[in-house]
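Input: a single structure, listed below in structure tokens.
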Amino acid sequence: MGSVVVQLQPSAHVDTFCRDHLPPFEQWPRLTFDLPELHYPDRLNAATRLLDDTVARWGADRPAVLSPTSSWTYGELQTRANQIAHELTALGVVPGNRVLLRGPNTPWLAACWLGVLKAGAVAVATMPMLRAHELAKIVDASSPVVALCDHRFPDELRTFDLPIVTYGGDSADDLAARCATRPETFEDVDTAADDVAILAFTSGTTGRPKATMHFHRDLLAIADTFSRHIVQPRETDLFCGTPPLAFTFGLGGLLVFPLRAGAATLLVERATPAELADLAAEHHVTVLFTAPTAYRAILASDKRAQLAKLRRAVSAGEALPEAVALDFHEATGNWLIDGIGSTEMLHVFISAADDDTRPGATGRAVPGYRAQVVDDNGDPVPDGTPGRLAVQGPTGCRYLADDRQTVFVENGWNLTGDTYVRDSDGYFHYRARSDDMIVSSGYNIAGPEVEEVLLRHPDVVECAVVAAPDDARGSIVAAYVVLNEGVEGNDAKVKELQDFAKNLAAPYKYPRRVEFVKDLPRNPSGKLQRYLLRHRAAGETAPVS
């Protein structure tokens, strides 16, 4: 059993920001490297391994990154990533600097991400749906030195004192035009395997975003565990899916995994379930990554038969209902690959595939990981007993300068915030989130973050946001709002608050249910009793005025 010696290798980072803000070693989870494929050299650049090594192994002419209207070979992707690395260097970016990325899933975004890593910088990917005040928290936490932004989405970044280079457009100053003058080869920075490669942000439950710090070796580890052993990709595969590359679920499933396997990936900016099914059929997709809600919608439509053309279908982002798993199997003869992962762990750590699948169970610990269910003291509970899910493996939680590190990591274990039950065969069964995170259609939404937005409305005195069960989305955001005296709570006010939230926050976060109450339930000390609101949101009796 191999475990990490907590002694970092000499860093290639000139800007030591990330190393300076790692949590103390005693607050790290225990990292384990039980599989031979997880024994990485001390010097490692993930972009070199994912791109250059793949070109050397399979050639430059293979399809690599596609969109519905374009296709780049591995050689073309390599050239653009190298030119982007040159351009970043020319802009003054040094190893260890953070580079903010903003845009939907496109080949150019993939090239930018690889170029950042080649230059030894740290990628900070964000979704184009985020508004300025949401981006401000990310910018303040990560201190990027430059932003590479899709040419259609720079406006929300213009409020920051941050140089912006747009890509994907036809202007003379576009990144494509800049890259055309740069060399096609680049000597990738010789980063340490434990140099930080990405900062991935997770909202958590307080609304204050947490940045998770992942090393170059971590990006390979998720490919060499979940992808290699569960997804089992082939070099002839074409990957596709809906999660953004700014989500680690999307980054792994739609970029890291296919590149590691020498396969191709079809990146789509956004697609309804029906559109996703059509794209998969049209382009002969073999590996699909999306949320259970999308599979449910496709199965209920006339696109149902198109799922049978997939070789692998991966479901994550929210709990997979047993009925959806069974329906998928009936329609295709194959099992959905269910899985649970987290931004803190980088990707999926419990899953199952093929004959190892048990509908209703998430699966077993992915090879390379170990998991157990523990009580409030951190002691393992008997099989069949609900408790907190605890995980160890080659990846783990390292928050950027955040005191919540000691909440997620206890006694060397990562505590995911999920309540699970393990059965006697080692299968883990999901019960609920242990915190106030709302998981809706695969998106993680922090209730307090939505509250913060609603409280900006002049008519709102106070509010509380919880998850409400929903058949289509798993959960929806439900807001209980106290209005100023004399303000009428009616349908028009509901729509006004919903539109207000959409304008200030990413649209998927808006409250789909708004209820007006006289006051919020609090205990004698004044603490909000969210559990009463959750009962009410579920249609159960709760003493809310």
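The values are calculated or read from the model by the stated rules, or taken from the named source; none is laboratory data. It should be emphasised that the depicted structure is a prediction, and the values quoted were computed from it without experimental measurement. For neighbour counting, all protein chains shown are included, and Cβ atoms are generated from backbone atoms with ideal geometry for every residue, glycine included.
Can you tell me which residue in the stretch 311-335 is surrounded by the fewest Cβ atoms within 10 Å (Cβ to Cβ), limited to those that are of a type in the set (A, V, I, L, M, F, W, C) and farther than 19 Å from F249 by Cα? The qualifying residue surrounded by the fewest Cβ atoms within 10 Å (Cβ to Cβ) is A323. Across the stretch 445-454, not a single residue is classified as without any contact (Cβ under 8 Å) to a residue 40 or more places away in the chain and over 21 Å from the mean Cα position of the chain (by Cα). Within the stretch 41-75, the set of residues being touching a Gly at 6+ places or on another chain (Cβ under 6 Å) and among the hydroxyl-bearing types (S, T, Y) comprises T54 only. Would you check which residues across the stretch 78-102 are β-branched (V, I, T), crowded, with 21+ Cβ neighbours inside 10 Å and not in a loop (DSSP other than H, G, I, E, B) and list them? If the condition is that a residue be β-branched (V, I, T), crowded, with 21+ Cβ neighbours inside 10 Å and not in a loop (DSSP other than H, G, I, E, B), then I84, V99 are the ones that fit.
Being in contact (Cβ under 8 Å) with a residue 12 or more places away in the chain and in contact with a Cys (Cβ under 9 Å, 6 or more places away or on another chain), is that true of even one residue in the stretch 33-43? There is no residue in the stretch 33-43 that is in contact (Cβ under 8 Å) with a residue 12 or more places away in the chain and in contact with a Cys (Cβ under 9 Å, 6 or more places away or on another chain).
Residues in the stretch 462-470: is at least one of a type outside the set (D, E, K, R), modelled with pLDDT of 95 or more and touching an Asp or Glu at 6+ places or on another chain (Cβ under 9 Å)? There is no residue in the stretch 462-470 that is of a type outside the set (D, E, K, R), modelled with pLDDT of 95 or more and touching an Asp or Glu at 6+ places or on another chain (Cβ under 9 Å).
Cβ-Cβ contacts under 7 Å between residues 6 or more apart (or on different chains), taken from a first residue in the stretch 183-194 that is over 10 Å from I84 (Cα atoms) and touching a residue at least 24 places away in the same chain (Cβ under 8 Å) to a second residue that is among the small types (G, A, S) and outside any loop (DSSP other than H, G, I, E, B), are listed as D188/A47. Every condition in (1) at pLDDT 90 or above; (2) closer than 30 Å to R370 by Cβ; (3) buried (at least 19 other Cβ atoms within 10 Å of the Cβ) is met by V477 except one, and the failing one is (2).
Of the residues making up the stretch 127-137, at least one is surrounded by fewer than 16 Cβ atoms within 10 Å (Cβ to Cβ), out of contact with any Leu (no Cβ under 7 Å at 6 or more places or on another chain) and touching a residue at least 12 places away in the same chain (Cβ under 8 Å). Within the stretch 210-229, restricting attention to residues that are charged (D, E, K, R) and assigned to a helix (DSSP H, G or I), the residue that is nearest to P36 (Cα to Cα) is D224. The residues of the stretch 103-148 that are among the polar types (S, T, N, Q) and part of a strand (DSSP E or B) amount to a single one, T126.
Evaluate the following for D20: is it touching a Phe, Trp or Tyr at 6+ places or on another chain (Cβ under 8 Å), more than 19 Å from L220 (Cα to Cα) and either without any contact (Cβ under 8 Å) to a residue 40 or more places away in the chain or of a type in the set (F, W, Y) (or both)? No.
Could you list, ordered by first residue, the pairs with Cβ atoms under 6 Å in which the first is in the stretch 484-496 and at pLDDT 95 or above and the second is of a type in the set (V, I, T) and surrounded by 10 or more Cβ atoms within 10 Å (Cβ to Cβ), at least 6 apart or interchain? From residues that are at pLDDT 95 or above, the pairs are V494/V514. Considering the conditions (1) surrounded by fewer than 19 Cβ atoms within 10 Å (Cβ to Cβ); (2) in contact with a Cys (Cβ under 8 Å, 6 or more places away or on another chain), L148 is excluded by exactly one of them, (1).
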